[in-house]
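Quick notes on the structure that follows.
The values are calculated or read from the model by the stated rules, or taken from the named source; none is laboratory data. These numbers were taken from a predicted model, which means no experiment stands behind them. No Cβ is skipped: glycine too gets one built from the backbone with ideal geometry, and neighbour counts run over all protein chains shown. Surface accessibility is based on the protein's heavy atoms, side chains included, excluding ligands, DNA and RNA. Shrake-Rupley method; radii C 1.70, N 1.55, O 1.52, S 1.80 Å.
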Amino acid sequence: MQEIKKGLEGIVALDTRISFIDGMQGILRYRGIDIEQLAGMTYDAVSYLLVNGEIPNEQELAAYSARLKTERRINGEMTDIMRICNYGSEALDSLRTAISCTAQMDYENDNNSLEANKNKAIRLIAKLPTMIAVMYRCKNGEIPLQPDDDLSHGANFLYMLRGEEPSAIEAEAIEKDFILSAEHELNPSTFALRIAASTLADAYSAIIAGLCTLKGPLHGGARKGVMEMLDEVAVPENANDYVLYKLARKQKIMGFGHRVYRNYDPRSRIFKEMAKKVAKENGDTTYYEVAENLEHVMYREFLEVRGRPIYPNVDFYSAVIYKYLQIPPELATSVFAIGRVSGWTAHCFEQYTDNRVIRPRAHYV
Ligand code: SDX
């Protein structure tokens, strides 16, 4: 019998040109470019890079951004659907429905050519922020706002959600969030998407498979868990007791640990710096201090008790930023999806380009 790697740990399933991770050294690159450099670009440029495989020149970027802005709008029927969906504790449930409806309203839904699929990618990248802002405002009895074409991808989302333009630091924070969340090789949601794409299911169906997989608290749902934890811990002095209580009961602390990184996740380092900046601008740095204490206690506990450290993952300091940006916890996983959708579409196209049905074996017991 072949050895079974639970959770497929360490198994290399395919070749990719989309991203590279060195988990020992804490390196992440999208299409050969370091995440530190990408973090200083716009989400428009990074999503173009992921979907098209190369950095756009000035004209290409201008045309792409203009196209995204046109596609930000959703029609009245979609707004009605968002109103009817009226999600409970997890907006992703409504977002899933919204993407299904977008597929059914898209005349290119069944067209699996690269050109049609790139159009679908643009529609999804552009519309996800609008859908989330509209569903949130409808749920809260507020009038949905039209997108503002003068604002960047991130700033426009915050404007549509909150009804006021974000500060320059807030706009920088959400733009970085989308960029750092955009792509991460064969994470669970992307793998699920690639399996769906490998059956030659259409791109919308594959994206929905990815979206559903993002929902779980061990993956994208962790961001919401971190936001709830920040409120539960409330003050920095409580961090120690909180962690000890949870670990003693073998419970997971959300936002820590990673299958691939054995070193500091490079995205967390950038998020941490950004979280400090938004906290400082806000004036009340409590959430940031709570997070820093949680990180210290986790590091100490894992090193002392288990002989190896543990580090915050992509969901930890991004959740601190969401607290300061007043993004409610029930939207956290959906906001993660705004960034990730460009990575998902890139993987979908890569799968179609060199396809074989993904179908492993199980050992019968
Ligand atoms: C994402 O894969 C990606 O790339 C994902 C992602 C992306 O960009 O797509 O980076 C996004 O999903 C980040 C992860 C979000 N999830 C969480 O924050 C939930 C908390 N973290 C863990 O559940 C865990 O660390 C995982 C799921 C992230 C990784 O799981 P693994 O690789 O299967 O590790 P494990 O659960 O086997 O943990 C190894 C040990 C265990 O202890 P022992 O049983 O060996 O004694 O470490 C412990 C775990 O209990 N451990 C934790 C812990 N993380 C690991 N203990 C407490 N709290 C934690 N957070």
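Which length gain, in nm to one decimal place, applies between residue 33 and residue 308 when the Cα-Cα distance is subtracted from 0.36 nm times their residue separation?
Net length gain for the segment: 96.0 nm.
Under 19 Å from a point 7 Å along the Cα-to-Cβ line of residue 115: which residues of region 66-99 have their amide N that close?
Hits in region 66-99 for residue 115 at 19 Å: 67-68.
What FRET efficiency comes out for residue 281 versus residue 107 if R0 is 35 angstrom and r is the Cβ-Cβ distance? Round to the nearest 0.05.
Working from the Cβ atoms, E equals 0.20.
Given a Förster radius of 56 Å and the C-beta distance between residue 169 and residue 2 as r, what FRET efficiency does 1/(1 + (r/R0)^6) yield to the nearest 0.05? Please report the intermediate quantities before stating the final value.
On the way: r = 52 Å, r/R0 = 0.93.
Efficiency at R0 = 56 Å is approximately 0.60.
Whole-Hz ³J(HN,Hα) for each residue in region 114-121, computed from phi via Karplus 6.51 cos²θ - 1.76 cosθ + 1.60 with θ = phi - 60°, x for glycine and proline: what do you get?
Values, residue by residue: 4, 4, 5, 5, 5, 5, 5, 4 Hz.
In what sequence, highest mean first, do 269-277, 37-45 appear when ranked by Cβ atoms within 10 angstrom?
Numbers: 269-277: 20.6, 37-45: 18.9.
For the peptides 269-277, 37-45, the packing ranking is 269-277, 37-45.
Could you give the accessible area per residue of region 283-365, probe 1.4 Å, as a whole number in Å²?
Accessible area per residue: 44 Å².
Given the pairs 127/224; 120/277; 118/272; 215/272, which are separated by over 27 angstrom at their Cα positions?
On the way: 127/224 22 Å; 120/277 35 Å; 118/272 33 Å; 215/272 23 Å.
Cα-Cα > 27 Å for 120/277; 118/272; rest within.
Hey, what number do you get for the chain at 222 nm if only DSSP H runs of n ≥ 4 count, each worth -39500 (n - 2.57), divided across all residues, to the nearest 500? Write out the running numbers ahead of the final one.
On the way: 16 runs with 217 residues, N = 365.
Using -39500 (n - 2.57) per qualifying helix, the result is -19000 deg cm²/dmol.
Using modelled amide H (1.01 Å from N, peptide plane; none on Pro or chain starts), what sits under 5 Å from the amide H of residue 27, excluding residues fewer than 5 places away?
Here the answer is 22, since their amide H atoms fall under 5 Å of that of residue 27.
Return the sequence-ordered ³J(HN,Hα) values of region 24-33 in whole Hz as given by the Karplus equation 6.51 cos²θ - 1.76 cosθ + 1.60 applied to θ = phi - 60°, using x for Gly and Pro.
For region 24-33, the Karplus curve yields 6, 9, x, 10, 9, 10, 9, 6, x, 10 Hz.
Could you give the size of the charge dipole of the chain about its Cα centre, using +1 on the Cβ of each K and R and -1 on the Cβ of each D and E, expressed in debye and rounded to the nearest 20?
In debye, rounded to 20, the chain gives about 1260.
Express the carbon and sulfur contribution to the solvent-accessible surface of the chain as a percent, rounded to the nearest whole number, probe 1.4 angstrom.
Working: 8390 of 16910 Å².
Using a 1.4 Å probe with all protein chains present, the chain comes out at 50 percent carbon and sulfur.
Calculate one ³J(HN,Hα) per residue across region 13-22 by plugging θ = phi - 60° into the Karplus curve 6.51 cos²θ - 1.76 cosθ + 1.60, and present them in order as whole Hz with x for glycine and proline.
Using θ = phi - 60°, the values come out as 9, 6, 8, 9, 10, 8, 8, 10, 10, 10 Hz.
Under 8 Å for C-alpha pairs, at least 6 residues apart: give me the relative contact order for the chain, rounded to a whole percent.
23
Can you compute the FRET efficiency between residue 355 and residue 57 using 1/(1 + (r/R0)^6), with r the Cβ-Cβ distance and R0 = 22 Å? Round to the nearest 0.05.
For R0 = 22 Å, the calculated efficiency reads 0.10.
Amide H neighbours of residue 106 under 5 Å, at least 5 residues apart or on other chains, H built in the peptide plane: list them.
For residue 106, no residues qualify.
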